[in-house]
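Below is one structure, written out as structure tokens, with a few remarks after it.
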Amino acid sequence: MAASVKTRKVAPSKSYPAARNVPASIIGGGQSIYEESATQQFPLGYKVKVGPDRTFVYASAGEALYAGHMCAQALVCGATTTLQNTNGVAVAAAVGDTRIYIVAGTTAQAAGVFDDGYIDIHDDTTTGANFLYKIKHSSALATSGTSSYVDLYDPIHIALTTSDQVALTANLYKSVILSDATQASMALGIAPINVTSTYYFWLQTWGPAPCYPPETALVNTEPVTMSDNADGGVGPVSSHTNLPHVGHTIHVGTLDEGAIIFLRLDP
């Protein structure tokens, strides 16, 4: 005879824990996603999840920003005036060094411009070899001489000669701007509030987000990208085939008025 199987009725819970929603302060006593701050409260690039489906990254504003507008990386990768992309190694470096002596390209760079940014090292002795390291601090970079340097968080694993070159970018979330109608820099996220230039704020990078469609009313579920019609806007990918998707439409809204997209940049 088969053994009987006892069953037990489980009463459903009378209440389910609510998903964490937008708090007054994201980190205990910290800055809300609806607040800007004249002083830095968190490291640039610090990421938080709000609720089950939204992600925000701490950033600073390089100009006045507007709520619901797409923001992008600072022009010329955050450098002063000139893209720093073929800088020479000024002094040979050994495996294990954390300081690399380099010169600026065309325009001198102030101290700290590239703090917590990145350096790409092009090894001249190996065809196509490029290595990326995170910058801890950059000194003032002169266009000549051998005293300018960047300090790295990690020691280099290859020796460098003065034939090698480097490229520099500032922290992606430093001095962000409205996405340019010429798409001159990489889209990073959407500002949830109006932000004063030089102030710090939480930039949304993932999840349901407001947006500004200056070209045409968005079609439900269609993929969207940066607009070439107005700074900070978004438009249909079908009209901008060479640009990357930044998300998909949730709520179509109308031309020049509110719409909602599911932002898909950094989860």
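Points worth noting:
- Lysine-lysine proximity count for the chain, Cα under 29 Å, sequence distance 8 or more or distinct chains: 10
- The calculated FRET efficiency for Ala142 paired with Ser239, based on their beta-carbon distance and R0 = 51 Å, is about 0.70.
- Relative contact order of the chain, defined on C-alpha pairs under 8 angstrom at six or more residues apart (%): 23 percent
- Computed over the stretch 209-267, the Cα gyration tensor eigenvalues convert (square root of 5λ each) into semi-axes of 14, 13, 10 Å, ordered from largest to smallest.
- Residue of Asp256, Asp228, Asp116 that the Gaussian network model of the chain assigns the largest fluctuation, springs spanning Cα pairs under 10 Å: Asp256
- Highest average packing first - 185-191, 40-46, Cβ atoms within 10 Å: 185-191, 40-46
- Sum of side-chain charges, Ala167 neighbourhood, beta-carbon under 15 Å (Lys, Arg +1; Asp, Glu -1): -3
- When only alpha carbons are used to place a centre, the stretch 88-120 and the stretch 164-221 end up 27 Å from one another.
- Mean projected area (nm²) of the alpha-carbon convex hull when the chain is viewed from all directions: 23.4 nm²
Laboratory data are not the source of any read-out in this text; all were calculated from the coordinates shown. Computed from a predicted structure; not experimentally measured. For neighbour counting, all protein chains shown are included, and Cβ atoms are generated from backbone atoms with ideal geometry for every residue, glycine included.
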